[in-house]
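For reference, the structure is listed below as structure tokens.
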Amino acid sequence: GSLYIIWPFQDREFVASERTQIVDINSPLAQLAAEDEPTLRAPEFYKLGEIINPEAPQEEQQVEVIRVKNNLISSSPFFPSLDKADRDDRISGGQSAVYQGYVMIGIGLLSVVLLGWVSRVKAARRPGRAGIV
């Protein structure tokens, strides 16, 4: 998990292995599985399966809890190239972030120029002041 944060430019392949447990519907493991959102990138997560005895009262019902563990089977370096930009979110997301940065820099520069121009105009209109030319 932490290696993904350190170096995200890897092409990784995972194989999911599942293990099923039968637990009471009110057990902490069932509550965890109900609250846990399945994430494909997580190394391990829980999900709820079928209720085993739906006709029984709530206190006696049992549910399948499936533990999904993603096992890494291969990892290779990822080399970005522009010909893959339309198919890979890592590249297209980076390109759009760079363009957004350029737009923000341009807006910032324009606002500084506009503020300077407004201050010059105000200073020139004040009586008794020559203004900065």
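The values are calculated or read from the model by the stated rules, or taken from the named source; none is laboratory data. Being a predicted model, the structure only gives us computed values, none of them experimental. Cβ sites come from the backbone with ideal geometry, for glycine too, and all protein chains shown count toward neighbours.
The residues of segment 2-29 that are farther than 30 Å from A56 by Cα and at pLDDT 85 or above, listed by number, are V15, A16, S17. Does segment 11-31 contain at least one residue that is under 28 Å from the mean Cα position of the chain (by Cα), among the polar types (S, T, N, Q), surrounded by 11 or more Cβ atoms within 10 Å (Cβ to Cβ) and closer than 30 Å to S81 by Cβ? No, there is no match, as no residue in segment 11-31 is under 28 Å from the mean Cα position of the chain (by Cα), among the polar types (S, T, N, Q), surrounded by 11 or more Cβ atoms within 10 Å (Cβ to Cβ) and closer than 30 Å to S81 by Cβ. Please verify whether segment 66-78 includes one or more residues that are more than 15 Å from L29 (Cα to Cα), under 32 Å from the mean Cα position of the chain (by Cα) and of a type in the set (A, V, I, L, M). The answer is yes; a qualifying residue exists.
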